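I have placed the structure first, in the form of structure tokens, so that the comments after it can refer back to it.
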Amino acid sequence: METGMPEPAKRRTRSRGKADAARPAAQSRIRREIRMFRKNRELLVLALPGILFKLVIAYVPMVGLILAFKNFRYDQGLFGSKWVGLDNFEFLFKAQDAFRIIRNTLLYNFTYIVTGTVAALLFALLLNELSGRMIKMYQTTMFLPFFLSMVLVGYIGNAFLDFDNGYLNKLLGYVGISPHNWYLEKTPWIFILPLVALWKGVGFSTLVYYAGITGISPDYYEAATLDGATRVQMMLRITLPLLKPLVIILFILGLGNIFRGDFGLHYFIPNNAGPNFPTTDIIDTYVYRALTKLGDINSAAAVGFLQSVVGLVTVVSANSIVRRIDRDNALF
């Protein structure tokens, strides 16, 4: 009998019994997965090009992450180069302007997230009040800047900010104000960059929130109308509370890039002019200039890896906070 067995033998017997019980369960799960794949094989074939594209573009290059921990030499190759541990990460934190570029990156990205969310919600609520063909025109007009390249947006910005022929300086001259050499000044860019980011990106976010509004059941608004609620009251008491899960999800995803700046915005719009670096320079532009001047691919890889890790930690932390406050609105 089992009662007469030594204790180690009992533990081995129980472990063997648990393993034997777990094996059929695992085999059952595998069979269910195989049946699922067979049942949906047409959909999987349709998705195969997208899966391969994502695999080749996003996952295969992740092998290059080891550059962040190596002293890469072309003659020795990726895997033959010497391991240097965390030495490459010192580039960012020991840089003379480390505090400045990290501060600019975090503050600008947080500003973009907040202003973009508020403006997109406001425009989505206003779009919801329109009807007929006008709404299509407004949607197209707001969404168009999202498709413009940052290089083109940089040329548009230069048309406004050029010292001799810029529209903004000509407008200032008409009202008797002396023109500004915007590219040689620091303070104006604190306002110019958020305005450009808002103009370019608010259309996409607005359509996302507007799609969320169209998914709200009209029964809520009909009941509120019968109770005598105004349009503003319905916005505040019905639309915004029901949009809260979508706002939280997009906010958490936005925080994932808070340590990764918009390179195109901060490189092409300020025209990469040195005098405005104190208020326009971010981690991405700083690393780019260091890479082009010094050719230090190891430090560039280390900074990119660090940005991804910080983004992951930020998303998980923000989601944990939301999960503690309101479990139903957490991302995962």
Study note, to complete from the structure: With the first residue restricted to the range 305-332 and required to be in a loop (DSSP other than H, G, I, E, B), and the second required to be at pLDDT 80 or above and hydrophobic (A, V, I, L, M, F, W, C), Cβ contacts under 6 Å at 6 or more apart or on different chains are A330/V322; L331/I249; L331/I252
Check your understanding: Does the range 98-111 hold any residues that are farther than 13 Å from N276 by Cβ and touching an Asp or Glu at 6+ places or on another chain (Cβ under 7 Å), and which are they?
Key -> I101
Check your understanding: Residues Y220, Y167: which one is open to solvent by 90 Å² or more (accessible area, probe 1.4 Å), among the hydroxyl-bearing types (S, T, Y) and farther than 28 Å from F143 by Cα?
Key -> Y220
**Study point:** Residue satisfying condition, being touching a Leu at 6+ places or on another chain (Cβ under 9 Å), of a type in the set (A, V, I, L, M), modelled with pLDDT of 90 or more and farther than 30 Å from L161 by Cβ, within set L253, L243
**Key:** L243
Review point. Do we find that L240 is within 27 Å of F99 (Cβ to Cβ), under 23 Å from the mean Cα position of the chain (by Cα) and in the same structural domain as L130 (by TED's automatic domain parsing) in this structure?
Key: no
Point to revise | Per-region count, the range 70-114, residues in contact (Cβ under 8 Å) with a residue 40 or more places away in the chain and not aliphatic (A, V, I, L, M) | key: 15
Review point. In the range 144-164, which residue that is over 16 Å from L193 (Cα atoms) and either touching a strand residue (DSSP E or B) at 6+ places or on another chain (Cβ under 6 Å) or not in a loop (DSSP other than H, G, I, E, B) (or both) is most open to solvent (accessible area, probe 1.4 Å)?
Key: F147
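With respect to T239, determine if the residue is surrounded by 19 or more Cβ atoms within 10 Å (Cβ to Cβ) and more than 30 Å from D87 (Cα to Cα). Give the derivation first.
Numbers: surrounded by 19 or more Cβ atoms within 10 Å (Cβ to Cβ): yes; more than 30 Å from D87 (Cα to Cα): yes.
For T239, the condition - surrounded by 19 or more Cβ atoms within 10 Å (Cβ to Cβ) and more than 30 Å from D87 (Cα to Cα) - is met.
Residues checked against (1) more than 26 Å from the chain's Cα centre (by Cα); (2) over 20 Å from K200 (Cβ atoms); (3) not assigned by TED's automatic domain parsing to the domain that holds H266:
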| site | (1), (2), (3) |
| --- | --- |
| F79 | yes, yes, yes |
| F91 | no, yes, no |
| M142 | no, no, no |
| N158 | yes, no, no |
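Please enumerate the residues belonging to the range 37-81 that are over 30 Å from G304 (Cβ atoms) and open to solvent by less than 80 Å² (accessible area, probe 1.4 Å).
Answer for the range 37-81, where residues must be over 30 Å from G304 (Cβ atoms) and open to solvent by less than 80 Å² (accessible area, probe 1.4 Å): N40, L44.
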Review point. When only residues in the range 177-211 that are among the small types (G, A, S) and surrounded by fewer than 19 Cβ atoms within 10 Å (Cβ to Cβ) count, which is farthest from L161 (Cα to Cα)?
Key: A211
Review point. If you scan the range 272-301, which residues turn out to be at positive phi and either outside the structural domain of V153 (by TED's automatic domain parsing) or surrounded by 16 or more Cβ atoms within 10 Å (Cβ to Cβ) (or both)?
Key: N272
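The values are calculated or read from the model by the stated rules, or taken from the named source; none is laboratory data. Quantities reported herein were computed from a predicted structural model and do not represent experimental measurements. Virtual Cβ from ideal backbone geometry, glycine too; neighbours counted across all protein chains shown. Surface accessibility is based on the protein's heavy atoms, side chains included, excluding ligands, DNA and RNA. Shrake-Rupley method; radii C 1.70, N 1.55, O 1.52, S 1.80 Å.
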